[in-house]
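Notes to accompany the following structure.
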Amino acid sequence: WFSCGSSPDYYNGCAPIPFNVPNAQQGFQYAHTGLGMVGILTWYNTSWVPNGREIIGAQLTNTLQIGQKYFVSFFVNSSNNSPYRHVSNNKIGARFSTVKSNTTVIAPINNFAHVKTNVIYQDTLNWFKITGSFVADSSYKYINVGNFYDDLNTDTISYGPSNMQTAWSYYYIDDICVSTDS
């Protein structure tokens, strides 16, 4: 896995606090399976950063075949600890590409994902499975996961102190799967 121009967090059971599972810096949470998970900001709003996002990416084990239907699934969990006003959002999804995303430039926020959720998931205890399918129209070699929709096209629910200028939505991500089998 690699960063797509942002600073996602990797948590593991053998890492020290604050990157430990389940004692993660953004709140207590066990991985969905195993000992590791990733944490990303899927939406943040400050006066100096519009459409703030963190995106993770990886090279696929096999290049996707044009015309083949693929099923995508992964699990998310909303963090329960934020130093700012906490927000939950929809539009978390997966987007495929033929070239590796630049690790120093944020992936494009262009209101498109091959698979996404329209659900605003707020649960900080249970994991939520995001699923979908698509037919490959290119020989995709990479997957990116995050929120690829701008602030105008992302719905949010805010809770916590409303007087705070900075607000963010942080989700843990685990068990990403791309398969020809549903």
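The values are calculated or read from the model by the stated rules, or taken from the named source; none is laboratory data. If you're wondering where the values come from, they're calculated on a predicted model, not measured in any experiment. Counting neighbours? That spans all protein chains shown, and the Cβs are built from the backbone with ideal geometry, glycine included. Please note that ligands, DNA and RNA were not included when accessible areas were found on the heavy atoms of the full protein model with its side chains. Shrake-Rupley method; radii C 1.70, N 1.55, O 1.52, S 1.80 Å.
Counting only protein heavy atoms and a 1.4 Å probe, segment 46-182 has 49 square angstrom of accessible area per residue.
Projecting the Cα atoms of TYR171, TRP127, LEU64 onto the charge dipole of segment 22-177, computed from C-beta unit charges around the Cα centre, puts LEU64 farthest toward the positive end. When a 1.4 Å probe is rolled over the protein heavy atoms, the share of accessible surface on segment 1-118 that falls to carbon and sulfur comes to 54 percent. The lysines within cross-link reach of LYS69, meaning a Cα-to-Cα straight distance under 19 Å and a gap of 8 or more places when in the same chain, are LYS116, LYS141. Based on alpha carbons, the Rg and Dmax found for the chain are 15.8, 50 Å.
Computed from backbone phi, the HN-Hα couplings of segment 52-58 come to x, 8, 10, 10, 10, x, 7 Hz, rounded to whole numbers (Karplus: 6.51 cos²θ - 1.76 cosθ + 1.60, θ = phi - 60°; Gly and Pro given as x). Residue ranges 15-21, 112-118 sort as 112-118, 15-21 when ordered by packing (mean number of other C-beta atoms within 10 Å per residue, highest first).
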